[in-house]
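The values are calculated or read from the model by the stated rules, or taken from the named source; none is laboratory data. Just so it is clear, the model here is predicted, and its values are computed rather than measured. No Cβ is skipped: glycine too gets one built from the backbone with ideal geometry, and neighbour counts run over all protein chains shown.
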Amino acid sequence: MLKLKPEDIKLDMGKEPSALVSASFGSMIAIGILSSNWKHRESALSHILCSLIKPALQDCEGNDFDNAIKSTCILIAETCQDKVVKVFSQSIELFQFLISSPILEEKGIETFVRAVTDLDIVGKMLVKSEDGSGRSVGKVHDVLLDFSFHPGIGEGFAASYLVSRI
């Protein structure tokens, strides 16, 4: 994907790349994640998981760190309901990485929780689990359990979040 030019990637109708994602991870990631071609979405997520997210979180401080977290959550929100299993799985893997990241705990989990709430990632995942196959339901439930049992997030937050959506 990174060998392509932005004009080579056709976006889903009505979607515009996020300026925040472009600033944090580059314009090709921001465009690729909105591509109508699932291979571009998968490639963008794969590139984030393999080479961009760890350095972005480790090397950032203050607003840059917050923007990296928000950008990552935007990517997850865009792909956590994807019909293509490879894209969906990588989205879940990225969310799981953030939940289990000690860097997130050190530098501030509040930004992550706020982004998850603002982008309704949990709600989107629950909708996906209702419509999905057994494997996708299991993945969603596992990652949401990890989210709720996280010491910085807690069961209380997760329960109140879910109740507020009902």
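Only a single criterion out of (1) surrounded by 14 or more Cβ atoms within 10 Å (Cβ to Cβ); (2) under 18 Å from Ile69 (Cα atoms) is not satisfied by Glu110, namely (1). Beta carbons closer than 7 Å, at least 6 apart along the sequence or on distinct chains, pair a first residue in segment 29-49 that is more than 15 Å from Ile74 (Cα to Cα) with a second that is of a type in the set (Gly, Ala, Ser) and buried (at least 24 other Cβ atoms within 10 Å of the Cβ) for His40/Gly32; Ser43/Gly32. State whether one or more residues within segment 121-129 are closer than 15 Å to Asn67 by Cα, touching a residue at least 12 places away in the same chain (Cβ under 8 Å) and either surrounded by fewer than 20 Cβ atoms within 10 Å (Cβ to Cβ) or of a type in the set (Ser, Thr, Tyr) (or both). Checking segment 121-129: not a single residue is closer than 15 Å to Asn67 by Cα, touching a residue at least 12 places away in the same chain (Cβ under 8 Å) and either surrounded by fewer than 20 Cβ atoms within 10 Å (Cβ to Cβ) or of a type in the set (Ser, Thr, Tyr) (or both). For segment 47-107, the helices (runs of 4 or more DSSP H) that sit wholly inside it and include 1 or more residues that are under 17 Å from Gly26 (Cα atoms) and at pLDDT below 80 are 53-59, 62-79.
Pairs meeting the criteria (first residue in segment 85-97 and closer than 13 Å to Ile74 by Cα, second residue modelled with pLDDT of 90 or more and of a type outside the set (Ser, Thr, Tyr), beta carbons under 7 Å, at least 6 apart or on different chains) are Ser91/Ile76; Leu94/Leu75; Leu94/Ile76; Phe95/Ile76.
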